[in-house]
Amino acid sequence: MPLTDVQTAILELIAERIESEGMPPSQTEIARAFGFKSVRAAQYHLEALETAGAIERLPGKARGLRVLQAPARAQSALPLAPSTDDDAVRLPVLGRVAAGQPIGADIGSDATVVLDRHVFHPTPDYLLRVQGDSMRDEAILDGDLIGVRRTADARHGQVVIARVDGEITVKVLHFGGDGLRLMPRNPEHAPIAVAEDQDFAIEGLFCGLLRPSR
C-alpha cells in the first residue's frame with residue numbers, strides 16, 4: 001500500500017532527525033510537529049509505516065525507530081497536501097503572531113495552504129506564522145505555521161492567540177490572584193500582565209502547527 005503524504009512527511013522527519021541528531025524523534029515530538037492532538041495519531045502513522053516496510057520499530061526502546069526505506073522527497077516545503085479533494089481544506093495564512101512581545105499581524109496576506117483536513121483537530125479557521133521563541137518549550141518555534149480556531153472563549157492553561165492593545169501574540173492563558181496573564185513557555189521571556197483598562201480579547205485557540213522544512 002502506498003504511503004499517504006502525511007506518512008511520507010513523517011518518514012522524512014524520522015530520517016532527517018537520525019541523520020542530524022543520531023536518533024529519531026519521539027512519538028510526542030512527531031505529534032507536535034504535525035499538529036496531532038494526541039500521541040495515538042502518531043502511533044497510527046508509525047504502524048502504517050512499519051506495515052509498509054518503511055521503518056522498523058524496535059521493542060523496548062523509547063525512540064526505537066529504524067528507517068528501512070529512504071523517503072521520497074516532498075515537492076514543497078509543507079509536504080502535507082491531501083491525496084483527494086474530499087480530504088482537502090484550504091487555509092489562509094493571515095499574517096504573523098509573536099511568540100515574544102506582541103507584534104502587529106499582517107492581515108493583508110493572500111497566501112493559502114492546502115492540507116489534509118485530518119492534520120488538525122479541530123480544523124482551524126486560519127494559519128499564522130510564528131515570530132520569536134517565547135513558546136519554545138511548548139514546541140512552538142520561530143517560523144512555524146500555527147492553526148487557529150476562532151473563538152472568544154478559553155480556559156486557564158490553554159494556548160491562545162490574544163490581542164492586547166491591537167497587537168497579536170500567542171501565549172498560555174493564566175488566571176490567578178495577580179489577575180490575567182499571558183505566560184510564555186521560555187524562561188528567558190517575561191509574562192505579559194493584562195491590566196483591566198487594556199484592550200484585550202481572545203482571538204482564537206491554538207490547535208496544532210506545521211513546521212516548514214528548514
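The values are calculated or read from the model by the stated rules, or taken from the named source; none is laboratory data. Quantities reported herein were computed from a predicted structural model and do not represent experimental measurements. No Cβ is skipped: glycine too gets one built from the backbone with ideal geometry, and neighbour counts run over all protein chains shown.
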Original post:
Restricting segment 34-58 to residues that are modelled with pLDDT of 80 or more and among the small types (Gly, Ala, Ser), which is farthest from Thr123 (Cα to Cα)?
Top reply: Gly53
Original post:
Is one or more of the residues making up segment 176-199 touching a residue at least 60 places away in the same chain (Cβ under 8 Å) and either within 25 Å of Val89 (Cβ to Cβ) or in the same structural domain as Ser26 (by TED's automatic domain parsing) (or both)?
Top reply: no
Original post:
Only one of these conditions is not met by Gly53: (1) in a loop (DSSP other than H, G, I, E, B); (2) under 20 Å from Val119 (Cα atoms). Which number is it?
Top reply: (2)
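If you take the residues of segment 146-177 that are among the charged types (D, E, K, R) and either in a strand (DSSP E or B) or in contact with a helix residue (DSSP H, G or I) (Cβ under 9 Å, 6 or more places away or on another chain) (or both), which of them is surrounded by the most Cβ atoms within 10 Å (Cβ to Cβ)? Explain how you work it out, then say what you get.
Taking segment 146-177 first, the residues among the charged types (D, E, K, R) are 149-150, 153, 155, 163, 165, 167, 171.
Subsequent filtering for residues that are either in a strand (DSSP E or B) or in contact with a helix residue (DSSP H, G or I) (Cβ under 9 Å, 6 or more places away or on another chain) (or both) retains 149-150, 163, 167, 171.
On the way: Arg149: 18, Arg150: 12, Arg163: 17, Glu167: 15, Lys171: 27.
Across segment 146-177, the extreme among qualifying residues is Lys171.
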Subject >> Output for segment 9-21, where each listed residue is crowded, with 18+ Cβ neighbours inside 10 Å and farther than 13 Å from Ala42 by Cα >> reply: Glu12, Ala15, Arg17
